[in-house]
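The values are calculated or read from the model by the stated rules, or taken from the named source; none is laboratory data. The shown structure was predicted, so the numbers you read here are calculated from the model rather than taken from an experiment. Cβ coordinates were reconstructed from backbone atoms using ideal geometry, including for glycine residues, and neighbour counts include every protein chain displayed.
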Amino acid sequence: MHRHAPPDYDCPFCAFVGGEERPPWNLRADLVWQDAQTTAWMNPRWWVSNPGNVLVVPNNHAESLFELDGAQAAAVHQTAQRIASAMVDAYPCDGITTRQNNGPGADQEVWHYHLHVFPRHSGDGFYGSDVRLTDPGERLPYAKRLRAAL
């Protein structure tokens, strides 16, 4: 198997799915969707021209695409579709990009499968843009708009 997490890995995404906060990264105020199979929340890291991106995860731990089963994949993409539709209504934006990384060579940083859903705008320079850590108060209006649109 293609595993990279250390044996004693304390998964921050599993903790968040279970209700635990890990400031400044994962706060309950960032939560926009949770059902029996998936959880989605505001990513605390924003690409400069694309504020308001969301992470979607399966509730049951899978380290990467290599461990994700078909039911988990379907559930994650159904939630991503729901989030994308809400983003177009809530922000508004011209389009949506999804992105997913597997393994250290692809810059996966958290060893729990997650799909990024980004709002896009024509000519936004998304690829190659800088990334920054946001303040929880900065994320809150985006989370509220998404929750209202869902």
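Listing for the model above:
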| quantity | calculated |
| --- | --- |
| Residue that is surrounded by the most Cβ atoms within 10 Å (Cβ to Cβ) [pool: residues in the stretch 43-72 that are touching a residue at least 12 places away in the same chain (Cβ under 8 Å) and assigned to a helix (DSSP H, G or I)] | Q72 |
| Filtered residues of the stretch 61-76 (kept if within 13 Å of D35 (Cα to Cα) and not β-branched (V, I, T)) | Q72, A75 |
| Yes/no for V32 being crowded, with 21+ Cβ neighbours inside 10 Å and either of a type in the set (D, E, K, R) or farther than 15 Å from V110 by Cβ (or both) | yes |
| Enumeration of residues in the stretch 5-37 that are over 30 Å from G125 (Cβ atoms) and among the β-branched types (V, I, T) | V17 |
| Qualifying residue in the stretch 121-137 (condition: hydrophobic (A, V, I, L, M, F, W, C), surrounded by 18 or more Cβ atoms within 10 Å (Cβ to Cβ) and not in a loop (DSSP other than H, G, I, E, B)) | no |
| Check on A84, in contact with a strand residue (DSSP E or B) (Cβ under 6 Å, 6 or more places away or on another chain), small (G, A, S) and modelled with pLDDT of 95 or more | yes |
| Selection status of A40, in contact with a Phe, Trp or Tyr (Cβ under 8 Å, 6 or more places away or on another chain) and either on the phi < 0 side of the Ramachandran plot or surrounded by fewer than 21 Cβ atoms within 10 Å (Cβ to Cβ) (or both) | yes |
| Residue that is aliphatic (A, V, I, L, M) and out of contact with any Leu (no Cβ under 8 Å at 6 or more places or on another chain), where the choices are A40, A36, A29 | A36 |
| Members of the stretch 84-101 that are in contact with a helix residue (DSSP H, G or I) (Cβ under 7 Å, 6 or more places away or on another chain), of a type in the set (V, I, T) and either over 24 Å from H2 (Cβ atoms) or part of a loop (DSSP other than H, G, I, E, B) (or both) | I96 |
